[in-house]
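Let me begin by presenting the structure, written as structure tokens, before commenting on it.
What follows is calculated from the coordinates using simple rules that are stated; it is not laboratory data. Because the structure is predicted, anything quoted here is derived from the model rather than measured. Counting neighbours? That spans all protein chains shown, and the Cβs are built from the backbone with ideal geometry, glycine included.
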Amino acid sequence: MKPGNRETIPTISEAVREATAIVDPEGGDTAVIGFFESFEDDDRPATAAEDLKGVLLSTVQGIDPEGDDPAALAAAAAAFWLATNPGQADNGDHVLREGVRLAFEGSPPEPLAEWLNNRGIDF
């Protein structure tokens, strides 16, 4: 962060909103929509949430228990990264790459890795 440049800490709902807009800009993926709706009123500061990664990923698991929708996992990873990197949502590929690296320690589940590769995103 540059001196004098103070980014506001996003709320969980703001981080999730930005992440879902990156992953599903048309709003047609039902699991991503469900993920967004799960957090749309969560006004806690994203950095104050205990185990934010766990909360986000377990919410996706509750929405998509079979793991058939890698876009929802991508949204959770992106939201986790955006929680501590405010103002970065304008570069969606970067957000997805860094979010997956952070959330899955560089080893995403195979469906998510394939989804990223189909979007042309190396991780």
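Some points to look at:
- Against the chain, whose longest principal axis is taken from its Cα atoms, helix 12-23 shows a tilt of about 50°.
- For the chain, the convex hull spanned by the alpha carbon atoms encloses 103 Å³ per residue.
- Given charges at beta-carbon only (K, R positive; D, E negative), |dipole| of segment 36-106 in Debye: 360 debye
- Estimated distance in nm for a label pair at A113 and Q88, the labels positioned 7 Å out from Cα along Cα-to-Cβ: 2.3 nm
- Other residues within the sphere of radius under 13 Å centred on the Cβ of A49, judged by their own Cβ, net out at -3 (K and R +1, D and E -1).
- Evaluated with a Cβ-only charge set (Lys, Arg +1; Asp, Glu -1), the chain carries a dipole of roughly 600 debye about its Cα centre, given to the nearest 20.
- Label zone (E40, point 7 Å along Cα-to-C-beta; backbone nitrogen cut-off 13 Å) within segment 80-99: none.
- In segment 25-107, a dipole from Cβ-located charges (positive for Lys and Arg, negative for Asp and Glu) runs towards its positive end, and of P65, A31, S107 it is S107 whose Cα lies farthest in that direction.
- Applying a DSSP loop filter and a limit of 13 other Cβ atoms within 10 Å to the GluC sites (Glu not before Pro) in segment 84-123 leaves E105.
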